[in-house]
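Down below is the structure, laid out as structure tokens.
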Amino acid sequence: MSSVNTAIQLITRGQAEGATAATTCSPALARGPWDFDLAEASAGVPGYGPGASLADIAPPSTPRQGQLPEEYRVADDAELDARIRAAKAALGDRAVILGHFYQRDEVVEYADFVGDSFQLANAALTRPDAEAIIFCGVHFMAETADILSRPEQAVILPNLAAGCSMADMADIDSVTDCWEQLEELFGTEPDADGRVPVIPVTYMNSSAALKGFCGEHGGIVCTSSNAATVLDWAFERGQRVLFFPDQHLGRNTAKALGVPLEQMPMWNPRKELGGNDEQTLQDSRVILWHGFCSVHKRFTVAQIEKARADFPGVKVVVHPECPMEVVDAADAAGSTDFIRKAIAAATEPTTFAVGTEINLVNRLAAEYPQHTIFCLDPVICPCSTMYRIHPGYLAWVLEALVRGEVVNRITVADGVAAPARVALERMLAARP
């Protein structure tokens, strides 16, 4: 099975010739990410690039990548492969490469570890002697790796423009403003059972600043794997939870724990009291932030119905970042690791329709050829920001390290890292 990138290149050429019915969400996906680095620099306006987050508005603070040197932009696949492998060999154990599940295959093939953001941050801890951690993921992941790694280790993000539109939907100023409004409404005194009025919970897919906010305010970080355990932890300590930035993970998890939908109001940061009246907030158990993942937002009930019609007996497995009605219509929902394990556990040939990022689905289909595995979304539309990482950038940062130069280093200030580490340690202790 060809990689997603190869499929996109072929589809783009096929569309130009009118020779194929396959589609992508943007023909610009076939271009090099450096084109978008240059366009954003020229316009002075950041963006997420083509893909699932193309329509999302990037805040002015979004990091931008300087132009990749020409030698890496014009190098063909064979040259980049040779240069990456030579640099890796020269660096040896001095550098470790982490590749997220959603990365393109052309990057993942060089990774020393492949996993989700939390798995990769933990994987880096197994290489304490590495001088550099090259995180082929997105910005918040590299921040988490920097928080958890040793101070002398350099965490490198090959393309600084690899951000996350969901993470950007909740910023420290907006969350602080929300918190102040909630404190004014609820007060700060605990109830008779010692539970404070509200506990902040941030998803791993958030900035270091928000993880630090949770650490400072008695809160915690969650992953899609332990979100239910974290909510139980929070309910033991608080009367209600402020959950950000992903509304869908919060809603799906709380609903599975028995929290009624009417007790899960949405907080819109652009409105007073988040667009709610005081009584609604007083009656709440989980206050959901108005954020979402643009990859998982693409999945629909109609896609599930078509999969069931086309493949009787199909097993539909989706990520809990999908909308509630999609999770309800699926056979199972869980983290990327849950999805992988569900497919690995199938002892008989099975048809799986999967609702998560296309690079992971494509890789699972190649890894388990005894099964029929396909993405629910028929349009090839990868995570925009993961797709900003390209072998050219990996070759660039590795060869710089060989020369003794560190480029694109991600650092979290001590004043943020210390409380963020507290929230992450609470998460580590909240085992499912």
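In table form, for the structure just shown:
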item: Protection proxy ranking, peptides 305-311, 81-87, average beta carbon neighbours within 10 Å, highest first; result: 81-87, 305-311
item: Qualifying aspartates and glutamates (Cα of each under 17 Å from Cα of Lys341; at least 8 residues distant if same chain); result: Asp116, Asp331, Glu357, Glu367
item: Most to least packed among 232-243, 388-399, 69-80 [average Cβ atoms within 10 Å]; result: 388-399, 232-243, 69-80
item: Accessible area expressed per residue, region 1-87, with surrounding protein chains retained (probe 1.4 Å, Å²); result: 52
item: Relative packing of 173-186, 269-282, 363-376, which averages over residues the other C-beta atoms within 10 Å, highest first; result: 363-376, 173-186, 269-282
item: Selected from Met204, Met324, Met141 as most flexible by GNM, with the chain as the system and alpha-carbon contacts under 10 Å; result: Met324
item: Accessible-area composition of the chain, carbon plus sulfur, in percent [1.4 Å probe]; result: 52
item: Solvent-accessible area per residue, Å², over region 253-364 with all protein chains present [probe radius 1.4 Å]; result: 43
item: Overall dimensions of region 42-185 as given by Cα atoms, namely Rg and Dmax in Å; result: 17.6, 61
item: Choice from Asp37, Asp283, Asp191 with maximal GNM fluctuation in the chain (Cα, 10 Å cutoff); result: Asp191
item: Rotationally averaged projected area of the chain (alpha carbon convex hull; nm²); result: 21.7
item: Selected from Ala28, Ala52, Ala95 as most flexible by GNM, with the chain as the system and alpha-carbon contacts under 10 Å; result: Ala28
item: Which of Asn408, Cys381, Ala395, positive extreme of dipole for region 368-432 (C-beta unit charges); result: Asn408
item: Amide hydrogen neighbours beyond the local backbone of Val316, cut-off 5 Å, H modeled; result: Asp331, Ala332, Ala353
item: Amide H within-cut-off set for Trp267, under 5 Å, with H built and near neighbours excluded; result: Leu288, Trp289, His290
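The values are calculated or read from the model by the stated rules, or taken from the named source; none is laboratory data. Bear in mind that the values here come from a model prediction, so they are computed numbers and not experimental data. As a convention, Cβ positions derive from the backbone with ideal geometry for all residues, glycine included, and neighbour counts pool all protein chains shown. Keep in mind that these areas ignore ligands, DNA and RNA; they rest on the heavy atoms of the full protein, side chains included. Shrake-Rupley method; radii C 1.70, N 1.55, O 1.52, S 1.80 Å.
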